[in-house]
Structure formats: structure tokens, C-alpha cells
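One structure below.
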Amino acid sequence: MKPKKETTIELMIQKKTSYFMMLPYLIFFLIFTILPVILSVVLSFTDYDMVQKPLFIGFENYLQMFLNDEYFIVALKNTLVFAIVVGPLSYIICFIIAWMISDLKPMMRAVVTSLFYIPTIVGAAGWNVWKLLFSSDEYGFVNGILMHWGFLSQPIGWLTDEKYIMPILIIVQLWLSMGISFLTFIAGFQNVDKTLYEAGMMDGVKNRFQELWYITIPSMANQMIFGAVMQIVACFTVAEVSVQLAGLPSTGYAGETIVTHIMDYGNLRFEFGYACAMAVLLVFMMQYFKKLTSWLIGKMGH
């Protein structure tokens with residue numbers, strides 16, 4: 001006779017101590033993650049301003065995004081620019097720099113890693129530096145240098161002119177990209193089994209680039225997927241860099257992203273139903289790009 005297969009309930013009873021230890025986290029996860037997501041989906045089908053009761057309006061909020069809100073299209077385009085341009089570029093930069101410093105001695109590697117990680121922890125001081133660099137008057141560092149060299153006769157409004165806002169935001173976002181993904185890659189390089197490199201040399205691997213492609217990348221598949229997911233989340237949720245440097249809203253909505261558009265309608269206009277609809281769409285976009293990226297990295301790993 002085949003042994004009786006234990007049910008999920010029976011397994012949970014056997015592991016009751018473990019589940020009890022997990023209970024505080026599960027409660028917080030349910031209240032502050034799962035429940036808000038469910039409420040956002042429900043409210044996305046309503047007209048709700050936190051004063052009156054939610055009024056069910058079906059798919060009207062979703063239709064408004066694409067048919068009646070021209071600035072949402074701008075926000076969608078800018079968000080996709082961050083996702084398609086900044087995301088892969090920052091991912092590659094993080095990976096290459098982590099690869100370059102992975103063979104340093106532990107103390108030197110720790111120092112260099114800290115230097116590259118600084119942009120993610122400087123906070124408000126970093127925004128002030130960027131504002132000083134791209135100040136719209138002649139006292140701004142960039143304007144001052146260009147005017148001193150004769151390239152400009154009048155200062156440029158880097159953070160107020162629609163032509164320059166997005167390029168500046170992209171530069172700053174790349175500067176901020178050395179975060180969790182970078183640390184993940186550093187850890188991943190240190191955990192690759194060194195005997196694989198010796199075996200690779202015997203099998204015909206001749207240089208570090210072949211080692212990287214045939215040994216390192218397949219061995220770091222999990223770290224690379226995690227790093228990609230973190231970069232996707234960072235690029236799709238870009239908001240603070242735009243608010244801090246270009247304002248909310250930015251000039252001509254040139255620096256608008258989906259998240260800043262959500263902040264505009266949710267925090268300033270109190271149109272929570274419409275804001276929830278945009279948030280739901282953003283989550284689906286992130287999930288799609290996450291699955292696509294995981295599939296691509298999985299192909300590389302095999």
C-alpha cells in the first residue's frame with residue numbers, strides 16, 4: 001500500500017511552531033500589503049474622494065487614462081523610458097562594476113563597494129548637490145563652466161526647461177542605480193564555486209570574458225534575476241528624483257512619471273479612484289516586465 005499523503009492542514013499542524021514564529025510577519029504582510037492591494041483594485045472601479053461614499057463607475061477610470069488624460073500618456077512614456085533605457089543600462093553598469101572589483105582584496109573591495117553605494121544613502125544632501133550643479137542661474141556649476149568657456153551666453157534652465165528635464169533625470173537616476181542590485185552582484189561573484197573556473201580552463205575556457213559568459217553568469221542566475229527585479233521596481237516607481245529636482249508637477253509635465261501622476265491625483269486632487277486605477281495598471285506593467293526579464297535571464301543561464 002502507498003503511504004497516505006499528508007494534507008496541507010496536517011503539514012501545518014506538524015509545523016505549527018514555525019508558523020507561529022512567522023505569524024507576526026504574516027499579519028503585517030496581510031494588513032499592509034495584501035489588503036491595500038485588494039482595496040486598490042476595488043477602488044479603481046469607483047469615483048472616490050474620501051469624503052463621499054465610493055460610487056461604482058466600472059471601467060471609466062481606465063478609459064479616462066488613455067482617452068481623456070493627455071498627461072497620463074506623457075507619464076506612461078516617461079516611465080517606459082526609465083524602464084527600457086535606464087533599467088538595462090543601470091543593470092549592466094552595476095554588473096560590470098561589480099565584476100571589475102570582485103577580485104580585489106577583501107578590505108579594498110569593501111572600500112570601493114562603499115564608495116559606489118554612497119549615492120543611495122546620501123539622501124537630501126544628494127538632491128542639494130544636483131540642484132546646485134544644474135541651477136538655472138549663472139551660479140549653477142554647469143551653467144558657470146559653460147558660460148566661462150564661452151559655450152553659453154545665457155544660463156540654461158536645466159530643471160525648468162522641458163527639453164532638458166528628462167535627460168537630467170535620467171543622468172541622476174543612473175547615478176542612484178548603485179543600490180541593492182549592485183550589492184547582490186558583489187555577493188554573487190563571491191559565492192561562485194572557484195573550482196568551476198579550474199574545470200573551465202581544462203575544457204577550453206581561455207579568458208575572463210569566456211569565464212564570465214560560460215561559468216559566472218549561469219552560476220549567478222538567481223542573483224541576476226533578483227537584481228533585475230529590483231531594477232524594474234526602481235525604474236517603474238521613479239518619483240522622488242522628479243519631485244525633488246523638477247517639482248510636482250514639473251514644467252509642462254516633462255518629468256512626469258506614473259507614480260508622480262498618482263501622487264498628483266491622490267495626494268493633491270484627492271481623486272483616489274482614478275489614482276488607484278493608475279496604480280493597478282502600474283503593478284500589471286511591472287509584473288509583465290519582471291516575467292519577461294526573468295525569462296531572458298533564464299535563457300542566458302542555460
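Here the dipole of the stretch 62-141 is about 380 debye; that uses its Cα centre as origin and unit charges on the Cβ of Lys and Arg (positive) and Asp and Glu (negative). Extents of the chain, taken as max minus min of Cα coordinates on every principal axis and listed largest first, are 77, 60, 33 Å. 3J(HN,Hα) along the stretch 241-252: 4, 6, 5, 5, 9, 9, x, 10, x, 7, 4, x Hz, from the Karplus curve 6.51 cos²θ - 1.76 cosθ + 1.60 with θ = phi - 60°, whole Hz, x for Gly and Pro. For the stretch 17-66, the Kirkwood estimate of the hydrodynamic radius, built from every pair of different alpha carbons, is 13.1 Å. Only helices enter this figure: runs of n ≥ 4 DSSP H residues, each worth -39500 (n - 2.57), summed and divided by the residues of the chain, yield -19500 deg cm²/dmol at 222 nm to the nearest 500. Backbone phi angles across the stretch 193-200, fed through the Karplus curve with coefficients 6.51, -1.76 and 1.60 (θ = phi - 60°), yield HN-Hα couplings of 5, 5, 5, 5, 5, 5, 5, x Hz in residue order; Gly and Pro are listed as x.
The region of the chain that goes longest without hitting one of the GluC sites (Glu not before Pro) in a DSSP loop, each with at most 15 other Cβ atoms within 10 Å, is 139-302. Backbone geometry of the stretch 218-234 corresponds, through the Karplus equation with coefficients 6.51, -1.76 and 1.60 at θ = phi - 60°, to 3J(HN,Hα) couplings of x, 6, 10, 4, 5, 5, 5, 5, 4, x, 5, 4, 5, 5, 4, 4, 5 Hz, x marking Gly and Pro. Projecting the Cα atoms of 133, 195, 255 onto the dipole axis of the chain, where Lys and Arg carry +1 and Asp and Glu carry -1 at the beta carbon, places 195 farthest toward the positive end. Taking amide H as placed 1.01 Å from N in the peptide plane, residue 46 has its amide H under 5 Å from the amide H of 57, each at least 5 places away in sequence or on another chain.
For residue 152, the residues 5 or more places off, or on other chains, whose built amide H falls under 5 Å of its own are 147.
For the chain, the residue among 222, 101, 233 whose Cα projects farthest onto the positive side of the dipole built from Cβ charges is 222.
Sites listed here are trypsin sites (Lys or Arg not before Pro) in the stretch 226-302 whose DSSP assignment is loop and whose Cβ has at most 15 other Cβ atoms within 10 Å: 269.
When you filter the chymotrypsin sites (Phe, Trp or Tyr not before Pro) in the stretch 148-205 for DSSP loop state and at most 16 other Cβ atoms inside 10 Å of their Cβ, you are left with 149, 151.
Each Lys and Arg adds +1 at its Cβ and each Asp and Glu adds -1 at its Cβ; summed about the Cα centre, the stretch 70-301 shows a dipole of about 540 debye.
FYI, it's all coordinate maths here, none of it is from the lab. Just so you know, these numbers come straight off a predicted model, no measurement behind them. In this analysis, Cβ positions are derived from the backbone assuming ideal geometry, glycine residues included, and neighbour counts consider all displayed protein chains.
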